[in-house]
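> Have a look at the structure that comes next, please.
The values are calculated or read from the model by the stated rules, or taken from the named source; none is laboratory data. Only a predicted model underlies this, so the values are computations on that prediction, with no experimental measurement involved. Neighbour counts run over all protein chains shown; Cβ positions are idealised from the backbone, glycine included.
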Ligand SMILES: Cc1cc2nc3c(=O)[nH]c(=O)nc-3n(C[C@H](O)[C@H](O)[C@H](O)COP(=O)(O)O)c2cc1C
């Protein structure tokens with residue numbers, strides 16, 4: 001059985017809801033998935049992991065300068081993404097995500113050499129488009 005972990009940072013619950021919806025969708029596809037707030041990271045969560053999904057709420061001036069919250073960025077800098085693990089990003093927002101995904105991706109070390117799949121939602125619900133992105137992400 002494939003294994004996925006979802007790390008999220010949420011202030012008012014929307015991103016947590018989105019993480020839970022992603023988790024339920026992957027579980028229904030027979031992927032052993034858990035969703036964990038970034039503050040509850042433990043090294044052993046990454047054991048034998050096939051997929052990591054990392055999500056945050058969008059912080060900016062509504063239409064410009066979107067970036068993840070520092071708590072999330074600090075976490076992304078520290079997390080040792082295992083070499084053969086696939087990585088995807090998700091974010092919730094109100095108006096636009098703008099530079100959000102670019103600013104999320106740049107914190108990983110080493111920087112991912114391919115653009116990462118990204119999912120976004122205003123209300124924390126999984127859309128049909130998200131499902132297609134997730135289907136492709138976990139293919140093979
Ligand atoms: C300080 C602050 C800045 C924000 N900046 C943006 C922004 O630039 N663009 C946007 O679309 N939403 C922005 N939002 C809205 C949040 O990203 C959105 O409500 C998000 O879903 C909240 O997630 P949470 O419920 O998991 O905390 C901002 C919210 C706050 C509190």
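> Of everything in segment 1-23 that's part of a helix (DSSP H, G or I) and within 20 Å of residue 48 (Cα to Cα), which residue is nearest to the ligand (Cβ to nearest atom)?
So in segment 1-23, the residues part of a helix (DSSP H, G or I) come out as 14-23.
Applying the additional criterion that residues be within 20 Å of residue 48 (Cα to Cα) yields 22-23.
Numbers: 22: 13, 23: 15 Å.
Of everything passing the filter in segment 1-23, 22 is nearest to the ligand (Cβ to nearest atom).
> While we're here: Counting just the residues of segment 50-83 that are without any contact (Cβ under 8 Å) to a residue 12 or more places away in the chain and part of a loop (DSSP other than H, G, I, E, B), which one comes out farthest from the chain's Cα centre (by Cα)?
The qualifying residue farthest from the chain's Cα centre (by Cα) is 61.
> Identify, from the list 126, 114, 89, the residue that is modelled with pLDDT under 95 and either more than 15 Å from residue 8 (Cβ to Cβ) or touching a helix residue (DSSP H, G or I) at 6+ places or on another chain (Cβ under 9 Å) (or both). Let's see the steps before the verdict.
Working: 126 fails: modelled with pLDDT under 95; 89 fails: modelled with pLDDT under 95.
Checking each option against the conditions leaves just 114.
> Which is at pLDDT 95 or above, over 19 Å from residue 121 (Cβ atoms) and in contact with a helix residue (DSSP H, G or I) (Cβ under 8 Å, 6 or more places away or on another chain), of 34, 10?
34
> Can you tell which of 34, 99 is away from the ligand (no atom under 16 Å from the Cβ) and under 25 Å from residue 131 (Cα atoms)?
Matching residue, one of 34, 99: 34.
> Also, quick follow-up: Could we say that residue 23 is without any contact (Cβ under 8 Å) to a residue 40 or more places away in the chain, farther than 22 Å from residue 112 by Cα and under 12 Å from the mean Cα position of the chain (by Cα) here?
Yes.
> Can you say whether residue 29 is more than 13 Å from the ligand (Cβ to nearest atom) and closer than 16 Å to residue 4 by Cβ, as far as the supplied structure shows? Show your work before the answer.
Values: more than 13 Å from the ligand (Cβ to nearest atom): yes; closer than 16 Å to residue 4 by Cβ: yes.
Considered against the rule, which asks whether it is more than 13 Å from the ligand (Cβ to nearest atom) and closer than 16 Å to residue 4 by Cβ, residue 29 comes out as yes.
> Every residue in segment 35-45 that is part of a helix (DSSP H, G or I) and crowded, with 17+ Cβ neighbours inside 10 Å, please.
If the condition is that a residue be part of a helix (DSSP H, G or I) and crowded, with 17+ Cβ neighbours inside 10 Å, then 38 is the only one that fits.
Condition check ((1) buried (at least 20 other Cβ atoms within 10 Å of the Cβ); (2) under 20 Å from residue 110 (Cα atoms)) across all residues:
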| position | (1), (2) |
| --- | --- |
| 9 | yes, no |
| 25 | no, no |
| 33 | yes, no |
| 55 | yes, yes |
| 58 | yes, no |
| 63 | no, no |
| 66 | yes, no |
| 74 | no, yes |
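> What do you reckon, is residue 108 touching a helix residue (DSSP H, G or I) at 6+ places or on another chain (Cβ under 8 Å) and away from the ligand (no atom under 11 Å from the Cβ)?
yes
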